[in-house]
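For reference, the structure is listed below as structure tokens.
The values are calculated or read from the model by the stated rules, or taken from the named source; none is laboratory data. These numbers were taken from a predicted model, which means no experiment stands behind them. Methodologically, a virtual Cβ is constructed for each residue, glycine included, from the backbone with ideal geometry; neighbour enumeration extends over all protein chains shown. When the accessible area is computed, the model is the full protein with side chains, heavy atoms only, and any ligands, DNA or RNA have been set aside. Shrake-Rupley method; radii C 1.70, N 1.55, O 1.52, S 1.80 Å.
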Amino acid sequence: MGIGPGDVLELVRHGRATTRGEIAEVTGLSRVTVAQRVDALLEAGLVEGAGAGDATGGRRATRLGFNARAGRVGVAVVETAHAQVAVTDLAGEILARSTLDVDVADGPEPTLAAVSTALRTLLDDAPDAPLLGVGVSLTGPIDPATGRPSEPPILPGWDGYAVAEDVVERLGRTVPVVVRNDADAMGFGEYAALPDPPKSLFMLKASTGIGSGIVLDGRIYQGNDGAAGDIGHVRVPEAEGMVCQCGATGCLAAVASGRAVVRQLREHGHEAQSGRGVRELLAHGDPDAVRLTREAGRTIGRVLATAVTLVNPGMLLLGGDLASGALLSGVRESLYPAVLPRATRHLSIQLARLGDDASLVGMAGQVIQQELSAEAVNRRMA
Ligand SMILES: [Zn+2]
């Protein structure tokens, strides 16, 4: 359809053109066609007149704004032992949320039943607005072609499971469901919140397991089979002979994940049970937790040296339960000496900022990126 209402929405949503005159200038469309496109968007409630713009020819041009309240997005972030669900507006702002305990080792059906029930409750309470879609993140690789878990190392019974279809059925709503890896979702959420985002961002998530996400030019890079960034099961010499949750020995996660730090802490007489427990100890400056997390950071940093050399990101963010000053110090100590200065000249290594919100916001952002794209909007409004 050439330049449709979806293309105009994209211009307005990103503030690149916000008056009818600017839209005509940017798109080359006639004023009549621009008026038709804008009227269609106004009618759909996706844009609204947001007061007066620049004076042109003695007339005040109405400035158009994106109406983020025109719809809702449902999101579920499923971790190994708990899940977060939320409803956001079309700008990804969280309107309502709740958390629940799950055990992904029980398999997809009981886990998704519990998550869908919690999400359904939030959606029923949310102000009445159309549901644009639902986003679900999981702690494993997702096949980009099918949107299904792809041989996830720590999600027994989830391989190839039709997550989207299951969620649609349980919610009783026919909506698009976007499924992503949790570190990818976290990276995208952090990326989208940056005032001046770099060309590429590498997100390390160190919680109960270890994963990472890559955002290139504003899009998650999933790799050919969805395995991009699944660095937790790279073999490292530090973990030689140690059994990982995935069943193999010698994985990075066997020696440097939250689960591994918990094991080491318990050997020192601490009561920590999970990555969350380590997070609490770190927050209180517990010397054992700090020392062991810093050591985990050094091991992770040696693996990240290769990742940074391959991707050459502008920013490396550390998130998850282990994210702390101790982890940051450890990563910096081993990463910088292991790579050429050129790869790190403009690299900023920081702690992630959004905490638990990152994956929720990131999943909402993924649904919005897919379903409010010019192409998707043009298709729906044709
Ligand atoms: Zn492993």
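Relative contact order for the chain: what percent, with Cα pairs under 8 Å and sequence separation of 6 or more?
Details: 813 pairs, mean separation 63.0, N = 382.
The normalised contact order for the chain reaches 16 percent.
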Quick one: go through region 347-382 and flag any residue whose amide nitrogen is under 15 Å from the point 7 Å out along the Cα-to-Cβ line of residue 99. 354-361
Count neighbours as other Cβ atoms within 10 Å of each site's Cβ, and list the trypsin sites (Lys or Arg not before Pro) in region 72-151 that are DSSP loop with at most 12 such neighbours. none
Using protein chains only and a probe of 1.4 angstrom, how many square angstrom of residue 30 are accessible, to the nearest 10? 60 Å²
Any idea of residue 242's accessible area? Nearest 10 Å², probe 1.4 Å. 60 Å²
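Report for the chain the percent antiparallel among DSSP-assigned beta bridges with both residues inside it, nearest 5. Provide the component values of the computation, followed by the final result.
Values: 31 of 51 bridges.
If I count the DSSP bridges inside the chain, around 60 percent turn out antiparallel.
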For region 195-355, what D do you get in µm² per second when you plug the Kirkwood radius from alpha-carbon pairs into Stokes-Einstein at 10 °C and 1.306 mPa s? 101 µm²/s
What is the set of long-range amide H partners of residue 140 at a cut-off below 5 Å, with H atoms built 1.01 Å from backbone N? 182
Please work out the C-alpha center-to-center distance from region 290-321 to region 62-87 and express it in whole Å. 29 Å
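For residue 173 and residue 346, calculate 0.36 nm times their separation in residues minus their Cα-Cα distance, and state this gained length in nm to one decimal. Mind showing how you got there, number by number?
Numbers: separation 173, 0.36 × 173 = 62.28 nm, distance 4.58 nm.
Gain in length upon complete extension: 57.7 nm.
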Tell me, Kirkwood radius of the chain from alpha-carbon pair distances, in Å? 22.0 Å
If I ignore ligands, DNA and RNA and count only protein heavy atoms, how much of residue 174 is accessible to a 1.4 Å probe, in Å² to the nearest 10? 140 Å²
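At a 1.4 Å probe radius, which order do 268, 346, 82 fall into by accessible area, largest first? The partial results should precede the final answer.
Working: 268 95, 346 155, 82 40 Å².
Accessible-area ranking of 268, 346, 82, largest first: 346, 268, 82.
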DSSP loop (so not H, G, I, E, B), at most 11 other Cβ within 10 Å: list which trypsin sites (Lys or Arg not before Pro) in region 320-380 pass both filters. 345
Compare 371, 25 by solvent-accessible area with a 1.4 Å probe and give them largest first, with all protein chains kept in place. 25, 371
